[in-house]
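Please treat every number below as a calculation from the coordinates, not as lab data. The structure displayed is predicted, hence computed values, not measured ones. Heads up, the Cβs are rebuilt from the backbone with ideal geometry, glycines too, and the neighbour counts pull from every protein chain shown.
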2 protein chains.
Amino acid sequence: MSYRPELSNASVNLTQEVEVVDERGRLSTIFIPAERPLTVYVDKRELVTLMTLGGAPEALTLGYLRNQRLVRSIDDVVSVHVDWSVDSVAVKTRNGIADIEERTAKKVVTTGCGQGSVFGGLMDEIDAITLPEDARLKQSVLYKIVDAIRTQKSIYKQAGSVHGCALFSSDGELIYFVEDVGRHNAVDAIAGRMWLDGLQGADKVFYTTGRLTSEMVIKGAQMGIPFLLSRSGTTQMGHMVAEKVGMSLFARCTGKHFLLLTGKQRLVFEPEALNIDGLRVA
Amino acid sequence: MSYRPELSNASVNLTQEVEVVDERGRLSTIFIPAERPLTVYVDKRELVTLMTLGGAPEALTLGYLRNQRLVRSIDDVVSVHVDWSVDSVAVKTRNGIADIEERTAKKVVTTGCGQGSVFGGLMDEIDAITLPEDARLKQSVLYKIVDAIRTQKSIYKQAGSVHGCALFSSDGELIYFVEDVGRHNAVDAIAGRMWLDGLQGADKVFYTTGRLTSEMVIKGAQMGIPFLLSRSGTTQMGHMVAEKVGMSLFARCTGKHFLLLTGKQRLVFEPEALNIDGLRVA
């Protein structure tokens, strides 16, 4: 069993019921997702405030520290304590964060549902990353993944306005599913869980409901995952980074449809997969 | 004629054509939106890097400085020069930004398609804002706005994966339409244009394709706009802030449908508007 820091297991309401009036003046109620601040303190020093749904605050905090490269190893984390009564999380590290001043000085406000501030050079690590050339994804597994997301119980189905991210094994088994008001938070929470469980990315598939912007592709690459799937589209920089690191990028994944943009050699086409369940693509 | 700083008029490609393979192995091309860094220098000091589509970089820069409350008045800005050859914009101010160290120290990573780092206290100004109580929006005007967005020529229609924001007059005339890979950029660009043109928000309507998260509501409030419309949904904090400042929040605006969440007294119901163009709501 690998090392795990001491973790709280904080929980909080993820949806709220509110009154609405529709176009005919009819009063009803709907559920909307929570959105709350979570201020991160590392060794009693305030680092950042994340706006989050609140479903996985410990994993989010760990994944944030990991993806921002503020903490290099899970072994360096002693404890993560979330306290929703003060909307904050206290992280205790073994040796502190070296050069924290310098490393949090450079701000990049990223795209779209952006990470916000990616401390340090956004592209600095990209050159060092190589994803496994020989990883393969079967078309039937891709469909299994899309279908698993479709049938997944979710805050989105109840309240809308959240993004979902999921990690799958290379044979299409769901490992984690995380939702957040920001897709950047959802991917950070997945990174945090992978850290806790000692999982590597090389034989995994990452799915997101959000767009494949540069930051999502960069984070996927940082996590070492060769496959990135989305029901949405991509951007020029997402595409460029994926080409650079040799990631397989699948956009517009719905039903049996998808558009494979980069890393095309990794898909194993299975024409028969188009007919599974009697569902055919026009 | 009000004061305008000296502005560049930089332009750059907003879409790129890329090769894709679909589920049947068919090769084709699609357009994807640009996403590029724009590093903001204020008086030769590096402030932040924004990831943007690149359609309105001067207005985006001004709106960013405005919405972050880094510059208080357009009169303080001498010039804004964008140079895409180095992906940067140079802003010259009359008197510099006071306390820039302190005011850029506090980082909030906002929700969803987050602004990223909203310098300073996210909620600090909210208490001081009051929106005009007597502003009214006719149901027919709301439909005119939704229809104007539907028929608007856009990068979204060509390439997807961008958010659009628009400013309308209270009788539904389109004033500005801006798209960006991040909705936070699109709203900042609108704020920049309003600044340049000396427009106030009290008699305007703001439309966004993106979700009504706290940051979008806060920015709308900062711009003094009483009406915020979205084709998407809202979050608990967006809802809470809207209630606090007395903003009228309309979610799920598509066709003749909408859900009015807050500031309900401002809508003028017009049952006959449901039948315009023979289109009826079920």
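Quick one: count up the residues across the stretch B:225-241 that are part of a loop (DSSP other than H, G, I, E, B) and out of contact with any Cys (no Cβ under 8 Å at 6 or more places or on another chain). Residues meeting the conditions: 5.
When B:Thr235, B:Thr213 are checked against the criterion of being within 11 Å of chain A (Cβ to nearest Cβ), of a type in the set (Ser, Thr, Tyr), on the phi < 0 side of the Ramachandran plot and in contact with a Pro (Cβ under 7 Å, 6 or more places away or on another chain), a single residue qualifies: B:Thr235. For the stretch A:252-269, the candidate set comprises residues that are more than 8 Å from every other protein chain (Cβ to nearest Cβ) and closer than 19 Å to A:Tyr207 by Cβ; within that set, the residue that is surrounded by the fewest Cβ atoms within 10 Å (Cβ to Cβ) is A:Thr254.
Per-residue answers, yes or no, for (1) under 16 Å from A:Gly238 (Cβ atoms); (2) within 21 Å of the chain's Cα centre (by Cα):
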{"site": "B:Val21", "(1), (2)": "no, no"}
{"site": "B:Arg24", "(1), (2)": "no, no"}
{"site": "B:Ile30", "(1), (2)": "yes, no"}
{"site": "B:Ala34", "(1), (2)": "yes, yes"}
{"site": "B:Thr39", "(1), (2)": "no, yes"}
{"site": "B:Asp43", "(1), (2)": "no, no"}
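Restricting attention to the stretch A:133-168, which residues are surrounded by fewer than 22 Cβ atoms within 10 Å (Cβ to Cβ), within 18 Å of the chain's Cα centre (by Cα) and closer than 18 Å to A:Glu270 by Cβ? The answer is A:Val146, A:Ala148. Restricting the first member to the stretch A:36-52 and to residues that are facing another protein chain (nearest Cβ under 7 Å), and the second to residues that are of a type in the set (Asp, Glu) and not in a strand (DSSP E or B), the beta-carbon pairs closer than 9 Å and six or more apart or on different chains are A:Arg36/A:Asp87; A:Thr49/A:Asp87; A:Leu50/A:Asp188; A:Met51/A:Glu35; A:Met51/B:Glu215. Of the conditions (1) more than 14 Å from every other protein chain (Cβ to nearest Cβ); (2) in a strand (DSSP E or B); (3) free of Cβ contacts under 8 Å to residues at least 24 places away in the same chain, B:Val91 fails just one. Which one is it? So B:Val91 meets the others, but not (3). Among the residues of the stretch B:19-35, those identified as facing chain A (nearest Cβ under 9 Å) and in contact with a helix residue (DSSP H, G or I) (Cβ under 6 Å, 6 or more places away or on another chain) are B:Val21, B:Ile32, B:Pro33, B:Ala34, B:Glu35. Evaluate the following for B:Leu7: is it closer than 15 Å to B:Val91 by Cα, touching a residue at least 60 places away in the same chain (Cβ under 8 Å), more than 9 Å from every other protein chain (Cβ to nearest Cβ) and not hydroxyl-bearing (Ser, Thr, Tyr)? In short, yes. Among the residues of the stretch B:1-59, the ones that are assigned to a strand (DSSP E or B) and out of contact with any Asp or Glu (no Cβ under 9 Å at 6 or more places or on another chain) come to 15 in all.
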